[in-house]
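Peer 1: Following this message is one structure expressed as structure tokens.
No value in this document is a laboratory result; all are computed from the given coordinates. This one's a predicted model, so the numbers in the text were calculated from it and none came from an experiment. Ideal geometry is used to build each Cβ from the backbone, glycine not excepted, and the neighbour counts take in all protein chains shown.
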Amino acid sequence: MNPYYNQNYTREQIVLVLQTIQDCVRESRFYISKNENRQENLDFIKDYNLTNNRQKEILMQIEPEDFCHTLQNTKLGYEYEVLYVFCSEVMLFNFEGNEEMVDVYTKFNIIDISEGKRVVVISFHKRNKPIDYCFK
């Protein structure tokens with residue numbers, strides 16, 4: 001496993017992190033990165049015809065056992081941020097309308113602002129590399 005990946009968490013810690021993430025999703029205090037650097041996210045949403053409601057449903061289905069690791073943000077000026085990586089199995093319909101079990105790779109950044117917390121979903125796409133689960 002990559003030495004920059006941290007799995008040194010208890011299940012209880014991740015339950016609290018996931019609760020924060022899902023509270024933000026439930027209250028629409030989140031967004032999925034869809035800029036030019038996030039083509040995989042755009043393609044995934046398009047390929048599986050994921051409406052905003054379906055995107056929310058997928059994020060709300062993530063469980064503590066889907067937790068993989070954290071890593072430090074490497075973007076200049078944001079090195080203090082901790083990014084949380086989860087990978088969950090979701091049944092989706094592909095472009096041809098066929099049902100398909102998909103490993104959905106998600107990477108979250110929880111941001112504290114004066115109005116409270118919000119979440120940036122940096123990665124939201126089909127898993128494209130091997131992963132190690134922390135609690136499976």
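Peer 1: Here are SER123, SER33: which of them is in contact (Cβ under 8 Å) with a residue 40 or more places away in the chain, buried (at least 17 other Cβ atoms within 10 Å of the Cβ) and on the phi < 0 side of the Ramachandran plot?
Peer 2: SER123
Peer 1: Of all residues being in a strand (DSSP E or B) and free of Cβ contacts under 8 Å to residues at least 24 places away in the same chain in the range 83-110, which is surrounded by the most Cβ atoms within 10 Å (Cβ to Cβ)? Just the residue, please.
Peer 2: GLU100
Peer 1: Residue check: is GLU79 over 17 Å from the mean Cα position of the chain (by Cα), farther than 18 Å from ASN128 by Cα and not basic (Lys, Arg)?
Peer 2: Yes; evaluated as a whole, the condition is true for this residue.
Peer 1: Okay, next question. Can you pull out the residues in the range 1-15 that are over 17 Å from THR106 (Cα atoms) and outside any loop (DSSP other than H, G, I, E, B)?
Peer 2: Those that are over 17 Å from THR106 (Cα atoms) and outside any loop (DSSP other than H, G, I, E, B): ARG11, GLU12, GLN13.
Peer 1: Can you tell me how many residues in the range 29-82 are of a type outside the set (A, V, I, L, M, F, W, C) and assigned to a helix (DSSP H, G or I)?
Peer 2: The qualifying residues number 15.
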